[in-house]
Amino acid sequence: MSFWTSQLLNALSFGALLFLVSAGLSLILGLMRIVSVAHGSFYMLGAYIALATLTASHSYPLAIVAAILTMLVLGALLQRTLIERVGSDPLRQVLLTFGFLLVVGDAALAMWSGSPAIIPVPPFLAGSVAVGSAHYPLYRIAVIFLGLGLAFVLDRVQTGTHLGALVRAGADDLEMLSCMGVNVRRLFVWVFAFGTALAGFGGAVGGVFLGVYPGVDLEIGFLGFVVVIVGGLGSIRGTLAASLIVALIDTLSKSLFPEISLFAIFLLLIVVIAIRPTGLFGRRSLA
Amino acid sequence: MNRRAPLIVCMFLALMLVGAWSGLLASFYVGLLTQALLTALFVMSLDLLVGYTGLDSLGHAAFFGFGGYTAALLSTHGVTNVFPLLLASAAGSGILGMLFGAVALRASGAYFLIISMALGYLPWALAIRWRSVTGGSDGLPGLMRPDLGFGIALNSDAAYFTFVTVFVIVCGIALAAIGRSSFGQALRGIKDSPSRMAALGYNVWLHKYVCFIIAAVFAGMAGMLTGFYTGLVSPDDLSVSQSAFGLMAVILGGAGTLLGPAIGAATIIVIHFTVGSMTPYWNSMLGCIYILVVLFAPRGIFRRFVLARKVKTV
Amino acid sequence: MAEGGECPKSYLSDIMYSKPNVPYTQGMIVLFRSAVHVVAAAAIACTAVGAGPASPSDPIKIGVILPLTGSSAGVAQDLLRGIQLAFSENGNTVSGRKVEIVTADDQNTPATALTEARRLVENDKVSLLMGSLNSSVALTLLPYAVRSQVPYITTTIAAEITGSKKSPYAFRSAAAAGQMERPLAWLLHRRGFKSVILMGSDYVAGHDSTGMVGAQFTALGGSIVKSIFPPQGDTDYGPYFSTLGDAKADLIYGYFFGGDTLRFVRQYRSFGVTQQLAMSASTISAAGVAQSLGKDVDGILTAELWSPTLTDPLTIAFEKSFQKAYGDSPQATARSGYVEGRLVVTAIGILKGNVPNGLAFAQALHDSHFKEPGGEMFSFDENNNATVSTRLVRWQFVDGKATGKVLETIGGVTQDWKAPR
């Protein structure tokens, strides 16, 4: 029984991390229909900045705040100066954000060298917890709670606040929203920045057990995409569900059928797009 | 399309051929041009999909690499003539195109982009996992160059370059002919407005499907020739970065012009291995190119700087 | 929407771009324009004409191809610094002849490496190729180097380089697969470990390394409990570790590279895995990995060619020299690069600064002997594989520094070393 318990915990913790990263992308893709492949870059930068801040100040809270704030600003800049100009053609958005990803990747390489790095575990979360006959890292359990907590908060915000209503309305019908007097442009910048800040936060958290290195931007970015497509655009619940599903498939395929572990995620994506492109909980489609 | 451009390109290539055979052109550049030409062919096949039919595919490298692997495996079983190998790679990637097209064409727009990327990942994952057949992430090295039959070997750089030049030109003409045919015109119509074409009685799905397969076939042959040029096929040939590069080159050059993307791709390759080698930050140079092109020449450099020169007719 | 621009103004551009009415003139002008374009292109292409052969007073050029960008960049830079130190210690001159190092980035991709190699050999006219950290890349460069009759020195472990694909032009200045693994397995078995779980990255080096350890273990009477090969770059080893809890083994042997190593060890610790962890050379000791791991590094056993904690005079001199040049203390990879560089320096010395062709250079390399940091005498066996010393090292994190303490040393290890009965 402990095999399944630990696999489940693995899936939950990885899923929680995926949720942190994908929640922002879900908003970006869902509300603004911006196909941004640069989302992973914000994860990576968040991790690097958290690590650098930690090394300099030995303070975990400061490191996390630094990661969130810098990614907030960078995201706002990216949206305001570049993405806005590109309009709604998904191909151009992909190319622009891909170019951004390349430039950021090299910048990170220049600033922090290519050596893989890993953020040290916070001392109060170190150690492991006995689960059945196995041990499970305390940190990953903390991540599970963090992810679920964030999901709850975001869901409350989206369904219970004015801002949330604006976002939901925009995801449904953007033109109408702008007709009603909402400054859509400013809303976009804020939502995009919020999304990238979440990714940065994900980087600070994930950097502890996944590490940060050149190439993580593409890997995490891709996973985020899978989650958002599978879950449906603009829906927090959908993103959470999809994060757990993707993590579960990834974890189980690795432990039970390592040969197909690479394929499993791709197949999931293909099946979802071929059969139900709007995802599990999405209402409007991307096209 | 500017009628003089193809002529200029052909004359340039003829000059390069003379340089290669006479030894005036350094062998490194002969090799580089060979690579550039084959990448150009790959990108032209993608242009048929993207520029003519409006199917933005991020998984095209799958066909490129699959053609390479098919031919490589066949050559390790004793097939040495280049024509059966070409045929094999065309058939292999054509069949893959039939399979993938059937699935991918269920989606459209941005979803097509994403599903094509996901499909493109599958051969890559297969190549990495199936070590016993594909050599895993190390690929299949040590490929010997095929011969032309009648005892003509293609081992020398100049000979291979000549074959590739002729082949790519022939394929380019073929692709242009397809583009100019009524089939090609129908594709353009589908890019503009699928619903209108459907209303006019065209079988839109079939047109897209056939186009997808044709593009796959040409990409596969390009992949096969590239594999035998470097002597290696590896999962990198199948990677999404390769697909993304192709897509970039199409946009950079000007979707729908065939020659634009070809020149765009060749130019990037040449820049990469000449100027780009001088700096470890080639990726950010490339990234800046993408950003600048998207912002300032969104319909492609070819359209912006070459076609724009055409005198306005009333 | 029409794409036309406005008519250009100058006379030349009139000829170039406008369309006169007379058919004959039209044709001539088309030809003229084409010729202009072609001549311009040719002029550019002429700069591509290769330079002539080097004269004896030109510097000897050495080409180094490494993954200078990407996740192996740190290790690659370390290796490069070691190589460069070997030359800069002598003012970049050997026997009165200047030596120049030309670097290229292979991005860990065989196809890119090959193109760069061609550029170095055919354009820059290097007399020697060194490099790659990746066995797949090395195996692609090898046939090219042999074909071009340029000596190629690498530190990668793939057995074929001095085995099935050996050549007078191919050299390995570090350990081959097995040279570290078999002695390590023997030493571990002697210390009481009897059953091993093998975990390695799913590529040629991962399979080679773990395979050799496993084979030696079973030959000594031990047993392999499990073999797991996660894909390269895998992010989450959790699922694998979770299945190890009930496995009856007292040792895990891991072969990973770069970022994978960090994650592997970190997750190994956080899952509270009880089996002793042993890893191969250049996994923990490369590019600051040990330091990044902090306390997680305590107790890990590795096999190393060398350790900074050694006290022989050459090690001390090397460390001083490195510190002076780079302000940093050297790690194992830097030392490997230094040995590689010293090898070339020695070979050029044998030839008294005159390198007539690749074969002579290769011969001189084969005959090179010099003392390396660690105290041993460097030499090649008949397959151009280096004879090394394998050291069993236990890692500790003390006073904020990760250090490796040498427990035992086996000298004179060749590629076909067998465990003593």
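The values are calculated or read from the model by the stated rules, or taken from the named source; none is laboratory data. This is a predicted model, so every value here is computed, not measured. Note that we place each Cβ from the backbone using ideal geometry, even for glycine, and neighbour counts take in every protein chain shown.
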If I ask for residues that are surrounded by fewer than 24 Cβ atoms within 10 Å (Cβ to Cβ) and over 15 Å from the mean Cα position of the chain (by Cα), which ones from the range A:212-222 would you list? A:215
So which of C:311, C:315, C:302 is assigned to a helix (DSSP H, G or I) and either in contact (Cβ under 8 Å) with a residue 24 or more places away in the chain or surrounded by fewer than 22 Cβ atoms within 10 Å (Cβ to Cβ) (or both)? C:315
Restricting the search to the range C:318-376, which residues are closer than 11 Å to residue C:85 by Cβ, touching a residue at least 60 places away in the same chain (Cβ under 8 Å) and surrounded by fewer than 24 Cβ atoms within 10 Å (Cβ to Cβ)? C:321, C:322, C:325, C:326, C:345
Hey, does the range B:71-83 have a residue that's crowded, with 24+ Cβ neighbours inside 10 Å, aliphatic (A, V, I, L, M) and at negative phi? yes
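Taking the stated definitions as given, is residue A:229 surrounded by fewer than 24 Cβ atoms within 10 Å (Cβ to Cβ) and either within 13 Å of another protein chain (Cβ to nearest Cβ) or closer than 26 Å to residue A:60 by Cβ (or both)?
On the way: surrounded by fewer than 24 Cβ atoms within 10 Å (Cβ to Cβ): no; either within 13 Å of another protein chain (Cβ to nearest Cβ) or closer than 26 Å to residue A:60 by Cβ (or both): yes.
Answer is no for this residue.
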Exactly one condition in (1) in contact with a Gly (Cβ under 8 Å, 6 or more places away or on another chain); (2) at pLDDT below 90 is false for residue C:84; which is it? (2)
Regarding the range C:331-349, can at least one residue be identified that is touching a His at 6+ places or on another chain (Cβ under 8 Å) and not in a loop (DSSP other than H, G, I, E, B)? yes
Looking at this structure, is residue B:281 surrounded by 22 or more Cβ atoms within 10 Å (Cβ to Cβ) and farther than 15 Å from residue B:46 by Cβ? no
Any helices (runs of 4 or more DSSP H) falling wholly within the range C:186-299 and containing at least 1 residues that are at pLDDT 85 or above and touching a strand residue (DSSP E or B) at 6+ places or on another chain (Cβ under 9 Å): C:204-219, C:259-270
Mind listing whichever residues of the range C:213-256 are within 14 Å of another protein chain (Cβ to nearest Cβ) and of a type in the set (Ser, Thr, Tyr)? C:227, C:235, C:237, C:240, C:242, C:243
Can you confirm whether residue A:206 is within 12 Å of another protein chain (Cβ to nearest Cβ), in contact with a helix residue (DSSP H, G or I) (Cβ under 7 Å, 6 or more places away or on another chain) and in contact (Cβ under 8 Å) with a residue 60 or more places away in the chain? yes
Within the range B:110-122, can one find any residue that is away from every other protein chain (no Cβ under 14 Å), buried (at least 20 other Cβ atoms within 10 Å of the Cβ) and touching a residue at least 60 places away in the same chain (Cβ under 8 Å)? no
So residue A:208, is it surrounded by fewer than 18 Cβ atoms within 10 Å (Cβ to Cβ), modelled with pLDDT under 90, more than 13 Å from the chain's Cα centre (by Cα) and outside any helix (DSSP H, G or I): no
Would you say residue C:316 is modelled with pLDDT under 90 and not basic (Lys, Arg)? no
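Given the structure, is residue B:164 under 21 Å from residue C:143 (Cβ atoms), more than 14 Å from chain C (Cβ to nearest Cβ), buried (at least 21 other Cβ atoms within 10 Å of the Cβ) and in contact (Cβ under 8 Å) with a residue 24 or more places away in the chain?
Working: under 21 Å from residue C:143 (Cβ atoms): yes; more than 14 Å from chain C (Cβ to nearest Cβ): yes; buried (at least 21 other Cβ atoms within 10 Å of the Cβ): yes; in contact (Cβ under 8 Å) with a residue 24 or more places away in the chain: yes.
Yes; evaluated as a whole, the condition is true for this residue.
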Counting only helices (runs of 4 or more DSSP H) wholly inside the range A:111-180, the ones holding at least 1 residues that are within 14 Å of chain C (Cβ to nearest Cβ) and under 30 Å from residue C:397 (Cα atoms) are A:138-160
Determine if the range C:235-247 includes at least one residue that is surrounded by 23 or more Cβ atoms within 10 Å (Cβ to Cβ) and either of a type in the set (Asp, Glu) or over 16 Å from residue A:261 (Cβ atoms) (or both). no
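Return a yes/no flag: does the range A:92-99 have any residue that is surrounded by fewer than 15 Cβ atoms within 10 Å (Cβ to Cβ) and either facing another protein chain (nearest Cβ under 7 Å) or among the aliphatic types (A, V, I, L, M) (or both).
no
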